1. List the lysines whose alpha-carbon lies under 24 Å from that of Lys42, not counting same-chain residues fewer than 8 positions away?
2. What dipole magnitude, in Debye to the nearest 20, does the chain give about its Cα centre under +1 on Lys/Arg Cβ and -1 on Asp/Glu Cβ?
3. Using Cα positions and a limit of under 12 Å, work out the aspartates and glutamates in reach of Lys428, with same-chain residues fewer than 8 apart set aside.
4. Taking the 0 to 90 degree range and rounding to the nearest ten, how far is the long axis of helix 71-91 tilted relative to the main principal axis of the chain, both from C-alpha atoms?
5. Starting from the Cα-Cα distance between Lys141 and Lys125, subtract it from 0.36 nm times their residue separation and give me the gain in nm to one decimal.
6. Taking every DSSP beta bridge with both residues inside the stretch 154-482, roughly what % is antiparallel (nearest 5)?
7. What angle do you read, to the nearest 10 degrees and between 0 and 90, between the alpha-carbon axis of helix 422-431 and the longest principal axis of the chain?
8. R0 = 41 Å: FRET efficiency of Lys2 with Ile410, Cβ-based, nearest 0.05?
Amino acid sequence: MKPEILRISQVSKDQSVICILGSNVIPEYLTLSNSEKEFAGKRLNEKEEFIFINSYNKCTYLVRLKEGKSHYKTREELRKTAYNIRILIKENNHTELVIASDHAYKGAVEDFTEGLLLSIYSFDKYKTKEEGEGKKCYPAKLLIHGDVQESEWIVNITDAAYFTRDLINEPVNHLNATALAGEIKKIGDSAGFKVEVLNKGKIEALKMGGLLAVNKGSVDPPVFCILEWHPENCLNKKPYILVGKGIVYDTGGLNIKTGNFMAGMNADMAGAAIVTGVLYMAAKSGLPLHIIGLVPSTDNRPGGNAYTQGDIITMFNKMTVEIGNTDAEGRLILADAISYASKYNPELIIDIATLTGSAAMTFSNQAIALMTNADRKYINLLEECGNNVYERIAELPMWEEYGELLKSDIADMKNIGSREAGAIIAGKFLERFAEFPLIHLDIAGTEMLKKDDFYRLKNGPGSGLRLLSTFMKRLATDYSEQK
């Protein structure tokens, strides 16, 4: 449950306040006593991360901005402080809490609010509640004060983050592919974008051999969801297409995952959830862009007719693929969707997926692995957006030599290469199916976390949602400025 966010024009003397300070001067509207000011001033000079003052009728939290850092790192430090202060805030059971700033940078209130909201998320849907207990949220209201320009964006992006995380955290016995399609349809109806769901019969008619092969071991049918935001005032002639991996559970198929590697594989559909979240953001924010989301979805299980090593399958684009490993299934369903994207004559295709352990081994949880053959203007913009929301990208090469490792003796290509360069080879596989510029984002390292990375909580942080939403917003701004 998420707090309500409201804007206020002034702070009353009995309200609990978080104040972000750009200097050691304490604003008068906080109405602290002389002794409290003296206490706060001393702690500010000691450069404490935050200072807590518990007055008789209110609580005051002072957060001093850190100096000597680049602007985007200052923004990230503020979001991290929100995570560090979250437990204290919860313990004080505020029904409402003001977030304000004084002599801080423009946007500081929004950054702290975003960090706090992302930090206090929890997935407790299946926890038994005492009768009459109901859902409680502390604080129930966040009151934003001051020169705030992006309050609507913060409401929408955190709404999107909450339902994206909810989808990622759902266990597969409650969210199979069909149920995921139903949830996407609900979100589309609430936000105002179109959703078309192709059932197994239509997928068979389209001959999406990758999606159908992965689904062969499952008792549940696959789905292929087409999400579309196409406002009347859209500025782009060719659509931007987002493709999200929708593997609702990945056992590895007949190449079954061993040890503890199957834990958390209900989150292997994070890409699908993130694409849905970006479409939600576009619709709720009224972005003047034509954006299409494609979500192929199934589970990957070793059922009675599961696909096997050595199988040769024919993909949507008629290319044949020799199966070298059934646990390299994500690239198969993404490849069909990327091929399908060509029918829209897109400006750019972006796929996002928890695709390879290799990406996690390369960059840990610090960067989203990127591969691309697209214009550098898009990569430069992605890098800038990634710094601003601190969902940073790191590029891997797409050299043609890596494609040699996908050669097959009996088919057009294999779905795996050598043990080395696994993340790169997966990207090269997808490139073979892209007739238009492609950006491939592998979020295995930043999404599959073993512990909280501050406000990026370990249970489905939704890595890439804020990056791609901000990227689309900037694209819309750039189009407007060019007119």
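Computed from the coordinates by the stated procedures, all read-outs in this text should not be read as laboratory data. This one's a predicted model, so the numbers in the text were calculated from it and none came from an experiment. Using ideal geometry, Cβ is built from the backbone for each residue, glycine included, and neighbour counts are taken over all protein chains shown.
1. Within the straight-line limit of under 24 Å, Lys42 reaches these lysines: Lys13, Lys58, Lys66, Lys69, Lys80.
2. On the way: 57 positive and 63 negative charges, 79 e Å.
For this selection, approximately 380 debye.
3. Cα-Cα hits under 12 Å: Glu400, Glu401, Glu404.
4. In the chain, helix 71-91 runs at an angle near 70 degrees to the longest axis.
5. Values: separation 16, 0.36 × 16 = 5.76 nm, distance 2.10 nm.
Extra length available between Lys141 and Lys125 comes to 3.7 nm.
6. Values: 20 of 42 bridges.
Around 50 percent of the beta bridges assigned by DSSP in the stretch 154-482 are antiparallel ones.
7. Relative to the chain, helix 422-431 is tipped by roughly 70 degrees.
8. On the way: r = 53 Å, r/R0 = 1.29.
Computed FRET efficiency for Lys2 and Ile410: 0.20.
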